[in-house]
Amino acid sequence: MEGAQGKASVLSGRNGLAAGLALAAVTAGAVAMEWYAVAAVPFAAVFVLWALYHVESLLLAVVAITPLSVTLKESDFNIGLSLPGEVLLAGLTFFALIRFLHQGRLPWPTLKQPLTWVILAQLAWMAVTVLFSEMPLVSFKAVLSRVWFLVPMYFMLGTAFERPWARNLVFPLYAFSLAVAALWTLYVHSQYAFSKETSTWVMYPFYKEHTVYGMALAFIYRWSIWAAWRPQSLVWRFIHVALWALLTVALVFSYTRAAWLSLVAAGAVYLVFAWRISAKQIFVLAIVGLGTLWATQDQWMRIFTKNDTVSSDNFSEHIQSASNISTDASNLERLNRWASAVRMWQERPHVGWGLGTYQFQYAPFQHSSQLTIISTNAGDLGNAHSEYIGPLAELGWPGLLWVLVLITVLYATGARAYHRMSPGRDRTLVLLAMLGLTTYWVHGILNNFLDMDKGAVLVWMSVAMIAWAARSHETEQR
């Protein structure tokens, strides 16, 4: 206790006042002289001290900052950089490295988990493919960004989850910050009569476009339902119901069909847990379902090709357009991107073209018969739009395999931990993490966001929650 008090006293009293005045003076002087790089130094110093004295709360602050981080673009690589979120994530990764070099300690309980082995194996394969990448510098940067997402949000936050207050705060911190971004988006959108055409960009600069915004809303939506209707004081019920209502309106006016469909999938997973459907029963249902789809594929294709309903302001038509693969430009462009990705994989089936390179390499693989009015050869309109087909093109068949293994181990770990935990808040948080991840992986059929902090923070903090639950249960069993 004496050591803790000694640390606390370093910046208390006159020392703290002097440090604060010095930081303010340096910042004011730098801004006055337009030395903006120097002006950032005091803020960096604050975060360094924060990390030294209470890194757990800094990790949660990063979670809260993420929905409100502003997206920038770097001209050479055309890769989005989110400030200050990604800078803080990179800084926390560097801090973790320095702490390891100083203390020589690793989070061994986390490292011993099968879920961690899969994550590290996937990361290792990404690193190996840098050697064979068509654009090694781009792939190296993409692997580096995956590291600075994983270290703070999986390894460091997973350790912080050993404290109940950290587990209880992580979802509401993201949700309330997301609500601020939603209010801004709805305000801007209202000036354009909530039209579908403007829904793709009104969330900028907090979110690049409506699909990643819709993904975040869908991910956190199940938590908002639970928060609104769980036992609590009247004041907090009012606050949480208002939050849920706001997120509902925001989700509707995001016009993100994949997000809406992902909520249906999350509802199905909820029923699996609520009705205690076994893995064997799920397997049988999956086989029957896939067999039925295969047997009736001709009928489904006729339905899809005859559907000429395009996306519009009419919500009924917008939902119907999800199956239009004959005239809807958005759907046709996805098919074009997927077909291009498959052709890229066929040319380099084992190691792919390199992580992060798809958008720069796919243009020659497009067929003229599949081009749409929104097709481009410039590499400036996104990637393969799939969390499954994209890795196939960029990392070869092992890239897709590791994604499928990760999802399998993740749900097996989460289901095992959930069923063995005692009823209570922690058990509910694990279920909510799994439902959020379900919305992500279903949404991932049509889009991919793990290369953005907006998606990576949500995914890896939820995976960390599941890993903590499994680890905690194993410790209790011993």
Open item on the list: For Cα pairs less than 8 Å apart in space and 6+ apart in sequence, what is the mean separation divided by the residue count of the range 152-296, i.e. the relative contact order in percent?
Closed with: 21
Open item on the list: Spelling out what I want: for every residue of the range 137-154, take phi, set θ = phi - 60°, compute 6.51 cos²θ - 1.76 cosθ + 1.60 (Karplus), and round to whole Hz; glycine and proline get x.
Closed with: 5, 4, 5, 4, 5, 5, 5, 4, 5, 5, 5, 6, 7, 6, 4, x, 7, 9
Task: For the range 122-199, average projected area of the Cα convex hull in nm² - done: 8.4
Task: Long-range amide H partners of Leu81 with built H, under 5 Å - done: Leu72, Lys73, Glu74
- [ ] Work out from phi, with θ = phi - 60° and the Karplus expression 6.51 cos²θ - 1.76 cosθ + 1.60, the ³J(HN,Hα) of each residue of the range 95-109, listed in order in whole Hz, and give x for Gly and Pro.
- [x] 4, 5, 5, 4, 5, 5, 4, 7, 9, x, 10, 10, x, 4, x
Open item on the list: Can you compute 3J(HN,Hα) from phi for each residue in the range 393-402, using the Karplus curve 6.51 cos²θ - 1.76 cosθ + 1.60 with θ = phi - 60°, rounded to whole Hz and x for Gly and Pro?
Closed with: 6, 8, 10, x, 4, x, x, 5, 4, 5
Open item on the list: Just want to confirm a number: the relative contact order over the range 339-413, from Cα pairs under 8 angstrom separated by 6+ residues, in percent.
Closed with: 42
TODO: Subtract the Cα-Cα distance of Ile374 and Arg105 from 0.36 nm times their separation in residues, and report this length gain in nm to one decimal.
DONE: 91.7 nm
Open item on the list: Can you list residues from other chains, or at least 5 along the same chain, whose modelled amide H is less than 5 Å from the amide H of Asn383?
Closed with: none
- [ ] Note down the accessible area of Val41, probe 1.4 Å, to the nearest 10 Å².
- [x] 80
TODO: Report the FRET efficiency, 1/(1 + (r/R0)^6), for Leu123 and Ile98, where r is their Cβ-Cβ distance and R0 is 30 Å, rounded to 0.05.
DONE: 0.90
Task: Using a Förster distance of 41 Å, the FRET efficiency for Ser422-Ser190 (Cβ separation, nearest 0.05) - done: 0.35
Open item on the list: Loop only by DSSP, 12 or fewer other Cβ within 10 Å of the Cβ. Give me the trypsin sites (Lys or Arg not before Pro) in the range 88-148 that pass, ordered by residue number.
Closed with: Arg105, Lys112
Task: Overall Cα dimensions of the range 166-210, principal axis frame, Å, largest first - done: 39, 17, 14
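The values are calculated or read from the model by the stated rules, or taken from the named source; none is laboratory data. Note that this is a predicted model, so its numbers are computed, not measured. Heads up, the Cβs are rebuilt from the backbone with ideal geometry, glycines too, and the neighbour counts pull from every protein chain shown. SASA here: full protein model, heavy atoms, side chains in, ligands and nucleic acids out. Shrake-Rupley method; radii C 1.70, N 1.55, O 1.52, S 1.80 Å.
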